[in-house]
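Scroll down for the structure; my scribbles are underneath it.
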Amino acid sequence: MTLLSTIENDYLTAFKARDDVRVAVLRMLKAAIKNAAVELRREPTDDEVFDILSKQVKQRQDSIEQYTKGNRPDLADQERREMDILQEYMPSQLDEAELERAVDTVIAELGASGMADMGRVMQALLGRHKGQVDGKAASTLVRTRLAQ
């Protein structure tokens, strides 16, 4: 079963259960996927759907940060609930130790030795662990490792 069909089935289940928050989140996600399908002129692959999901999660994270700074905990909580629903469809995130091993492996395989190689390392790391790595955490770790 593709990720797209899983999202569609979960949307129908949430609709029948009258889970308004889940319905709204999945409806927005389906709209974003539909827009991508129109743009691509074909059905998006699971990897492309993961990219869309990642962007949606990132938008929620940014909103949570802004609402928290703006002293709006009610809106931050709403965004957090939406983000939790979206993350159910994402692959599990690498923990800190796994991320360190992955970064060290990529650096060793590429023979990276300095900051000039950061782009290559990040591209390889994010390509191998699509949706499993937080870009900011990975960037900080890669920068630290390459600066040594």
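FYI, it's all coordinate maths here, none of it is from the lab. Note that the coordinates shown come from a computational prediction; the quantities given were computed from them, not determined experimentally. Note: ideal-geometry Cβ built from the backbone for every residue, glycine included; neighbour counts use all protein chains shown.
Quick notes on this one:
- Tally of residues being within 12 Å of Ala137 (Cα to Cα) and crowded, with 16+ Cβ neighbours inside 10 Å across the stretch 99-124: 3
- Tally of residues being surrounded by 12 or more Cβ atoms within 10 Å (Cβ to Cβ) and either of a type in the set (A, V, I, L, M) or in a helix (DSSP H, G or I) (or both) across the stretch 57-72: 11
- The stretch 9-62: number of residues that are of a type in the set (Phe, Trp, Tyr) and over 15 Å from the mean Cα position of the chain (by Cα): 2
- Selection count where residues are of a type in the set (Lys, Arg) and exposed (fewer than 15 other Cβ atoms within 10 Å of the Cβ), scope the stretch 73-98: 1
- Test: Glu48 is in contact with a Leu (Cβ under 9 Å, 6 or more places away or on another chain) and either loosely packed, with under 14 Cβ neighbours inside 10 Å or more than 24 Å from Gly135 (Cβ to Cβ) (or both): no
- So Val142, is it in a helix (DSSP H, G or I), in contact (Cβ under 8 Å) with a residue 24 or more places away in the chain and either under 23 Å from Val57 (Cβ atoms) or of a type outside the set (A, V, I, L, M) (or both): yes
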